[in-house]
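Trainee: Once you've had a glance at the structure underneath, I'll fire off some questions.
The values are calculated or read from the model by the stated rules, or taken from the named source; none is laboratory data. The shown structure was predicted, so the numbers you read here are calculated from the model rather than taken from an experiment. Using ideal geometry, Cβ is built from the backbone for each residue, glycine included, and neighbour counts are taken over all protein chains shown.
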Amino acid sequence: MRHVRLSTAWHLSKRGYTNIICVDRWMFPSKSSAGFDRNKIVRTTYGDPLYIKLAEEAIQLWKQPIFKGIFHQTGWVLGTTAPRMSPIVSLSSNSISAAGAFDAMIHTQSSSRPH
């Protein structure tokens with residue numbers, strides 16, 4: 001849970017702590033490191049409402065002026081070719097709908113032609 005450790009370090013620095021060390025298991029810069037590229041995902045698709053709330057709080061923090069030019073919220077699409085949603089996808093969509101974070105669900109019939 002690298003994001004939790006970085007969040008903790010950031011909050012400690014905001015409270016005046018100055019001797020904070022963050023350790024990554026990879027050498028810098030590493031393609032395996034969480035900070036290697038610009039593309040990150042903050043998702044709210046969890047089955048547990050607590051995780052949805054935490055993710056929504058994280059998104060609001062990323063919108064603060066200090067992160068201007070770094071965070072770009074683009075939205076997301078969740079799709080499946082299965083005849084029905086898996087239990088975790090169903091639970092996630094129900095939870096995010098209840099939290100008011102779900103814009104629309106589009107149901108279509110699957111195509112019978114090969115892809």
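Trainee: Check 78, 91, 54 and return the single one that is more than 24 Å from residue 6 (Cα to Cα) and either more than 14 Å from the chain's Cα centre (by Cα) or at pLDDT 75 or above (or both).
Mentor: 91
Trainee: Here is a follow-up. Quick check on my filter: what residues within the range 40-51 are at pLDDT 80 or above and of a type in the set (D, E, K, R)?
Mentor: Across the range 40-51, there are no qualifying residues.
Trainee: Restricted to the range 1-39, and to residues that are modelled with pLDDT of 70 or more and within 30 Å of residue 89 (Cα to Cα), which residue is surrounded by the fewest Cβ atoms within 10 Å (Cβ to Cβ)?
Mentor: Per the criteria, the residue is 31.
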